[in-house]
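The values are calculated or read from the model by the stated rules, or taken from the named source; none is laboratory data. Quantities reported herein were computed from a predicted structural model and do not represent experimental measurements. Methodologically, a virtual Cβ is constructed for each residue, glycine included, from the backbone with ideal geometry; neighbour enumeration extends over all protein chains shown. Heads up: the accessible areas ignore ligands, DNA and RNA and are worked out on the full protein's heavy atoms, side chains in. Shrake-Rupley method; radii C 1.70, N 1.55, O 1.52, S 1.80 Å.
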Amino acid sequence: MTDPSETRSGEEPLFQLSPPERRHQEAILLEEARHRVERCLRCPLGKTRNKPVFGEGNLWGKLLFVGEGPGADEDEQGMPFVGRAGQLLTQILQAAGIRREDVYITNVVKCRPPGNRVPTFEEMMACDEYLQTQIALGRPSLLVLLGNTPTKWILKTTEGISKLRGRWFSWKGMSVLPMFHPSYLLRYPSSTEGSPKHLTWLDIQEVKRKWDEVRGTDLGSEGEGQLS
C-alpha cells in the first residue's frame, strides 16, 4: 500500500493522512482482500471448500492470532475458530482477561484442507499473500502462532511447537509467541502442572502482560483468572 504522505527525503508531503483516514483506507483494502479470497482458486482447496474463512475481530487491536486452517465448523460458517477448538480458544482468552472481539484471529490458509489435514507447502504459498496483507494492514505489535503449522511457516524453522512455545521471537518488527493449538489441548485435557493446558495458561498470561504493555495500560487480568 502506497501512502500518499510518503515522499523522497527532503520533500514535503503533498498531504498527510489523518489516523481516521488511514484506517478507512486500510479497511477498504482489507475488504478487497476478503473479496479476493472469496473468489480464490489459486490452489485445489478453493474447489473443495464450502465457505472461505478470511478472519475475524479487530485487526487494529495490536494482537493477532494465527492458526493452521479452517475445520469443518469453520468451513460451514465461514468464521475462524468456532468449533470445539475455537470455543476453547475463547475460554482461554476470557480467562486471561482478553475479549475475543478486541483481537484478530485468522489462519495460514483460508480454506479447509480435506479431512483437516495439514495444508501443503503449495497451499500455504497460494494463501500467503492474504495472510501477509492482513499482517501488513493491521501492523500488530504481537503475533501469537497457534500450533506447529503457523510457527514453522512464519518463523521458517523446523523445530516443533513443544520446544518453541512460550518464547518470544522477533519477526518484521513484531514480537511473536508460539503457543499450543487449542485442538491439541482437547486431546490432553489435564490441567496439572507442566501439562500442555497449564503451559498454555502461563503463555496466555504472558501474552496479556505484553499486550497491556504495548497498549500503554496496566489493566491486569479481568477474566476468570484460571484455565480449567
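Of these, 210, 197, which one is touching a strand residue (DSSP E or B) at 6+ places or on another chain (Cβ under 8 Å), on the phi < 0 side of the Ramachandran plot and not β-branched (Val, Ile, Thr)?
210
Looking at (1) farther than 11 Å from residue 182 by Cα; (2) touching a residue at least 12 places away in the same chain (Cβ under 8 Å), which is the one condition that is false for residue 82?
With respect to (1) farther than 11 Å from residue 182 by Cα; (2) touching a residue at least 12 places away in the same chain (Cβ under 8 Å), residue 82 is out only on (2).
Looking only at region 33-44, how many residues end up being buried (at least 16 other Cβ atoms within 10 Å of the Cβ) and touching a Pro at 6+ places or on another chain (Cβ under 6 Å)?
1
Going residue by residue through region 11-32, is there one that turns out to be open to solvent by less than 10 Å² (accessible area, probe 1.4 Å), over 22 Å from residue 181 (Cβ atoms) and part of a helix (DSSP H, G or I)?
Yes: one or more hits.
List pairs: first in region 194-212 and free of Cβ contacts under 8 Å to residues at least 40 places away in the same chain, second of a type in the set (Val, Ile, Thr), Cβ under 7 Å, 6+ apart or cross-chain?
198/192
Output the number of residues of region 100-124 satisfying the condition of being within 15 Å of residue 37 (Cβ to Cβ) and part of a helix (DSSP H, G or I).
Residues flagged as within 15 Å of residue 37 (Cβ to Cβ) and part of a helix (DSSP H, G or I) within region 100-124 amount to 2.
Would you be able to tell me the number of residues in region 132-152 that are outside any strand (DSSP E or B), surrounded by 21 or more Cβ atoms within 10 Å (Cβ to Cβ) and out of contact with any Gly (no Cβ under 9 Å at 6 or more places or on another chain)?
Selection size over region 132-152: 0.
Pairs under 9 Å by beta carbon, first residue without any contact (Cβ under 8 Å) to a residue 40 or more places away in the chain in region 27-43, partner surrounded by fewer than 16 Cβ atoms within 10 Å (Cβ to Cβ) and assigned to a helix (DSSP H, G or I), six or more apart or different chains?
From region 27-43, the pairs are 41/47.
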